[in-house]
Every structure is written in C-alpha cells, then in structure tokens.
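The values are calculated or read from the model by the stated rules, or taken from the named source; none is laboratory data. Predicted model only: the values in this text are computed from it and were never measured. All Cβ positions, even for glycine, are placed from backbone atoms using ideal geometry, and neighbour counts span all protein chains on display. Side chains included, ligands, DNA and RNA excluded: accessible areas come from the protein's heavy atoms. Shrake-Rupley method; radii C 1.70, N 1.55, O 1.52, S 1.80 Å.
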Amino acid sequence: MKRVVEYRKLLEVDKNVTLKELKTIYRNTMKESHPDKFVNDEEGKLLAEEKSKEVISAYHFLVSIAQETIEKNLPEYEIMIANSPIADFYLEKQVLYVTYLNGVSYEYIGVPKNVYIKMINAESPNRFAKRHIYGNYIYRKSGEMEMA
C-alpha cells in the first residue's frame, strides 16, 4: 500500500481519479519536469531525469490499478483465476506475488503477513485465495511468460 500512497502523492491524485484525468496530470507533470528544459544546467537535468522516471513509473502503476483498467480486464481475470491454478506465490513488503500455471503473474497489494502465513498453511492455496485474496485486495497484472 505504501507504493500506492507514494505514487498518488507524487502525482497529487486520489483513488477516484479517472484514466483521462490521470493522463492529463501525467502529461502536465512531465512538461514541468522534463530534462530537455534544463539545457545549460547539468545538475537540474539529472534531477529532472530522476523525477521523470518516478513520474513515469507512478503513472504506469496507477493506470494498472485504476478502476477502469480493472473493469476492462475483469472478464479475462475471472476466467484466469477460475481455470488456472496457482503455480507459485510469495510475499514481499505486503505485496503478494502470484504466478499461475498459465504463466500469468499478478500482484495483490496490501496483503498482511498473517494472511500470507495462512495461505502457506492452507490445504489448498487456490481455495484460500478464492476466499480471502481475490476481491479483497487491490491487484494488477504484473507479467506474462511465453508458453512454449
């Protein structure tokens, strides 16, 4: 959750921001801190490059967890969690990383360690996830492996 809060603070948006508003804010923020604005100021240019990287990262992350993105991808997500068992999972800084047998990976944000421990000890991590993870945490697709 810390990353979500930090990124929202960086772009000065709340959780109800639309994708259209987010895109406008992103573009305006990039205009203000673009490295090309610092032609004869090497230090300013380096700081602007760092800020630009942070802004780009924040924008892409916030787009991936936006309600509109989740709604658009919901049918595909529901089919995937219903039909593809969990292959592997681990928790890092309250982010549960789950890889499914079909090669798709998701991040579930804000998962407490005690919930993760219960998932490890569950007879079926799939059943546990369906009951206690899916629908209870912010999530985003984080990767997809090529299947041979």
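A few points about this structure:
- Scanning the range 113-134 turns up one or more residues that are touching a residue at least 40 places away in the same chain (Cβ under 8 Å) and not in a helix (DSSP H, G or I).
- Residue list for the range 17-40, restricted to those being open to solvent by less than 50 Å² (accessible area, probe 1.4 Å), closer than 13 Å to Lys51 by Cα and part of a helix (DSSP H, G or I): Tyr26, Thr29, Met30, Pro35
- Filter result for Tyr100 (modelled with pLDDT of 90 or more, surrounded by 13 or more Cβ atoms within 10 Å (Cβ to Cβ) and not aliphatic (A, V, I, L, M)): yes
- With respect to (1) open to solvent by less than 100 Å² (accessible area, probe 1.4 Å); (2) assigned to a helix (DSSP H, G or I), the lone exception for Asp14 is condition (2).
- Taken together, Glu49, Glu71 contain a single residue that is touching a helix residue (DSSP H, G or I) at 6+ places or on another chain (Cβ under 8 Å), acidic (Asp, Glu) and exposed (fewer than 15 other Cβ atoms within 10 Å of the Cβ), which is Glu49.
- Count of residues meeting criterion [small (Gly, Ala, Ser) and open to solvent by less than 30 Å² (accessible area, probe 1.4 Å)] in the range 74-97: 1
Listed here are the residues, each with its yes/no results for (1) acidic (Asp, Glu); (2) in contact (Cβ under 8 Å) with a residue 24 or more places away in the chain; (3) more than 25 Å from Lys118 (Cβ to Cβ); (4) not in a helix (DSSP H, G or I).
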| position | (1), (2), (3), (4) |
| --- | --- |
| Ala48 | no, no, yes, no |
| Val55 | no, yes, yes, no |
| Ser64 | no, yes, yes, no |
| Glu71 | yes, no, yes, no |
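- Phe128 being more than 26 Å from Leu22 (Cβ to Cβ) and surrounded by 12 or more Cβ atoms within 10 Å (Cβ to Cβ): yes
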